[in-house]
Amino acid sequence: MIDKSIALDTIFSNVLPVMESCGFSAKLPDGRKKGESGVYERGESLVMDFSGEKGILRLVYSSDRLHLLSGAPDVDLSDDSSFNLDSTFLLIPEEYDEKDIKSLSNEINEYLSDTYAKKAKIVSKTKNVQTVSKAAARSGALSYDPVTLASKIAAMYPYLGYLKDEIKSNIDEYGEFLCEDFFVNHANAEIMTIIRENDPQKMKKLFNVLGEVYEDGTNEVQSLIAVTILGPIQNDPRIIRQIIPYLTDTMLEPVLAAGKRLQKSKSSRLRLENPPKYKPKKEKKPGLLQSLMGGGAPGLGQ
């Protein structure tokens, strides 16, 4: 157990050097001097702010969650809703010790480095890509979603970095992340190239990402992996033999079932190759795998 104020002060000290390397410096509360903690109380929340020429980053602790927010240079500091939510991390002081706080700090720093390092990314008023952290997914606080999977794929290898721009373009165009459009038209080609090359190191890296997200993901992202990404294999014996050693036990049956369905059904293949045109959301509908399988599917309970 660790006091929440001590936990936040420690996190502040741990992330400050990385924040500075990304072009953001601590905005200290009135009366505080350089070298002192930048954490301040706001109601039942604890907050720390960092500013730079490109924008404002804010860490807010509330109800066992530590939220990383980002805003434009002129963002309204009195209103969290004027910020974008970049990522969420789990923080339970009653259950954490110093080692856990260090691990959490490292995870935040890794996210900051991946997202803001060197290029000191411009924080604009356009909504940023919100992803789910590994700690939040593993704890069950949140589940991995399609945009998190897309972001992980884009970060796997340097040559896939261009996919980050495709993710943002997708969101800008549709106002939300249209995952089938992104994977069918962009990411799937790269994924299938890796699978066909069958390089052990690349395969392990790819399926570690797919397996991790599948195990702790939403029904939607599980459908995305089993059908939209791996479905085009359509039970090609050679490719199936290549990927089976890398599939988790939970993934195996749904992936094989989706492949068989696509192999037998021309209409399902056509739908996969030509996803339905975008329509603004009205109500939540089943994922692609549930639709293709006529309802639920083995191994896809959430």
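Data table
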| item | result |
| --- | --- |
| Förster-model FRET efficiency, 25 Å R0, TYR162 and GLU215, C-beta, rounded to 0.05 | 0.35 |
| Residues with amide H under 5 Å from that of ASP86, placed H, sequence gap 5 or more | LEU68, LEU69, SER70 |
| Separation in nanometres of the label points that stand 7 Å from Cα toward Cβ, at LYS33 and LYS99 | 3.7 nm |
| Distant-in-sequence amide H partners of LYS27 (H built 1.01 Å from N, under 5 Å) | ASP49, PHE50, SER51 |
| For the range 1-77, projected area of the alpha-carbon convex hull averaged over all directions, nm² | 5.4 nm² |
| Sequence-distant residues sharing a close amide H with ARG65 (under 5 Å, placed H) | LEU91 |
| Förster radius 41 Å - calculated FRET efficiency between ASN208 and LYS4, Cβ distance, rounded to 0.05 | 0.75 |
| Spin-label pair SER13/GLU176, simplified geometry with 7 Å Cα→Cβ offset, distance in nm | 4.4 nm |
| Net lengthening on full extension, ASP76/GLU253 (0.36 nm per residue, minus Cα-Cα) | 58.8 nm |
| For the range 159-256, alpha-carbon Rg over 2.2 N^0.38 Å | 1.08 |
| Rounded to whole Hz, the Karplus (6.51, -1.76, 1.60) HN-Hα couplings of the range 57-73, x for glycine and proline | 10, 9, 10, 10, 9, 7, 6, 6, 10, 10, 9, 9, 10, 9, x, 5, x |
| Above-threshold pairs, the threshold being 28 Å between Cα atoms, out of LYS34/LYS54; LYS102/LYS168; LYS134/LYS168; LYS99/LYS164; LYS33/LYS102 | LYS102/LYS168; LYS99/LYS164 |
| Only Lys, Arg (+1) and Asp, Glu (-1) charged, at Cβ; the range 53-174 dipole about Cα centre in debye | 440 debye |
| Computed lengthening from TYR246 to ASP114, 0.36 nm per intervening residue step minus Cα-Cα distance | 44.9 nm |
| Net charge of neighbours whose Cβ lies under 13 Å from the Cβ of THR248, counting Lys and Arg as +1 and Asp and Glu as -1 | -4 |
| Gap separating the Cα centres of the range 82-98 and the range 164-228, nearest whole Å | 26 Å |
| Distance in nm between pseudo-label sites at ARG196 and ALA155 (7 Å out along the Cβ direction from Cα) | 2.9 nm |
| Potential extension, GLU53-ALA189 segment - 0.36 nm per residue separation minus Cα distance | 45.2 nm |
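Here, each number is a calculation from the coordinates, and none is a lab measurement. Keep in mind that what you see is a predicted model, and the values were worked out from it rather than measured. Because the Cβ atoms are built from the backbone with ideal geometry, glycine has one as well, and the counts that use them run over all protein chains shown.
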